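Report on the following structure.
The values are calculated or read from the model by the stated rules, or taken from the named source; none is laboratory data. Here the structure is a predicted model, which means the values were calculated and not measured. Counting neighbours? That spans all protein chains shown, and the Cβs are built from the backbone with ideal geometry, glycine included.
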Amino acid sequence: MCLIIKFDSVRQKASEDIICYKVVRNIFTDFQPDYRTYYQYSAIEIGKRYNSELSKSSKMKGCLEVEIGLHTFVNLEDAKAFAVERMHIRKTNLNVIKCHIPKGGSYYEGLFDPWGKDNGVESYASTALIYDELVEL
């Protein structure tokens, strides 16, 4: 998941917790949920904090791309739409987890265009993320 930002976008610092949503795979191990990030397939646990660097690179059309960072959706509806669409196409068990970028974490806000239609959805890439709770689809 890459975040598309404008060339003049500035890394921001969260002045308070920022609610966001992450789509994860649930592969069920020994009948227990085993959550993995959708693109990197990294194991995650609800209630834990994860940290990352933020790295941006150039992209065409006057934009930059944030490739390295903890990527999330701004809106629950967009996360749910992505999860439902990917479950239908890929026959994968997906969930949405409510998360937050903790106060003091750095982040960029931009667009993620999962459907390749140049009408991306609002998203974040951050240095820190805490997975809070499972959301019903």
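Cys20 passes every criterion in (1) out of contact with any Leu (no Cβ under 9 Å at 6 or more places or on another chain); (2) surrounded by 19 or more Cβ atoms within 10 Å (Cβ to Cβ); (3) in a strand (DSSP E or B); (4) not hydroxyl-bearing (Ser, Thr, Tyr) apart from (1).
Okay, residues lined up against (1) touching a residue at least 12 places away in the same chain (Cβ under 8 Å); (2) more than 25 Å from Arg11 (Cα to Cα); (3) not in a loop (DSSP other than H, G, I, E, B):
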position	(1), (2), (3)
Gln40	no, no, no
Tyr50	yes, no, yes
Glu53	yes, no, no
Ser58	no, no, yes
Leu64	yes, no, yes
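In region 88-104, what residues are more than 11 Å from the chain's Cα centre (by Cα) and either surrounded by fewer than 16 Cβ atoms within 10 Å (Cβ to Cβ) or modelled with pLDDT of 95 or more (or both)?
Within region 88-104, the subset more than 11 Å from the chain's Cα centre (by Cα) is 88-95, 102-104.
The answer is His88, Ile89, Arg90, Lys91, Thr92, Asn93, Pro102, Lys103, Gly104.
Just one of the numbered conditions (1) of a type in the set (A, V, I, L, M, F, W, C); (2) over 17 Å from Tyr124 (Cα atoms); (3) touching a strand residue (DSSP E or B) at 6+ places or on another chain (Cβ under 8 Å) is not true of Phe28: (3). Consider region 44-81 and keep the residues that are over 18 Å from Ile101 (Cα atoms) and under 15 Å from the mean Cα position of the chain (by Cα). The one that is surrounded by the most Cβ atoms within 10 Å (Cβ to Cβ) is Lys80. Kindly indicate whether Val23 is of a type in the set (A, V, I, L, M), touching a helix residue (DSSP H, G or I) at 6+ places or on another chain (Cβ under 8 Å) and either farther than 16 Å from Glu65 by Cβ or free of Cβ contacts under 8 Å to residues at least 60 places away in the same chain (or both). Considered against the rule, which asks whether it is of a type in the set (A, V, I, L, M), touching a helix residue (DSSP H, G or I) at 6+ places or on another chain (Cβ under 8 Å) and either farther than 16 Å from Glu65 by Cβ or free of Cβ contacts under 8 Å to residues at least 60 places away in the same chain (or both), Val23 comes out as yes.
If you take the residues in region 5-17 that are closer than 16 Å to Ser106 by Cα, touching a residue at least 40 places away in the same chain (Cβ under 8 Å) and of a type in the set (A, V, I, L, M, F, W, C), which one is surrounded by the most Cβ atoms within 10 Å (Cβ to Cβ)? Here the residue is Ile5. Selection of first residues in region 95-121 that are closer than 23 Å to Glu133 by Cα and of second residues that are modelled with pLDDT under 85 and surrounded by fewer than 16 Cβ atoms within 10 Å (Cβ to Cβ), restricted to Cβ pairs under 7 Å at least 6 apart or on distinct chains, gives the following pairs, ordered by first then second residue: Val96/Leu137.
Select, from Lys13, Lys6, the only residue that is of a type outside the set (A, V, I, L, M, F, W, C) and touching a Leu at 6+ places or on another chain (Cβ under 8 Å).
Numbers: Lys13 fails: touching a Leu at 6+ places or on another chain (Cβ under 8 Å).
Step by step, each of Lys13, Lys6 is checked, and only Lys6 is of a type outside the set (A, V, I, L, M, F, W, C) and touching a Leu at 6+ places or on another chain (Cβ under 8 Å).
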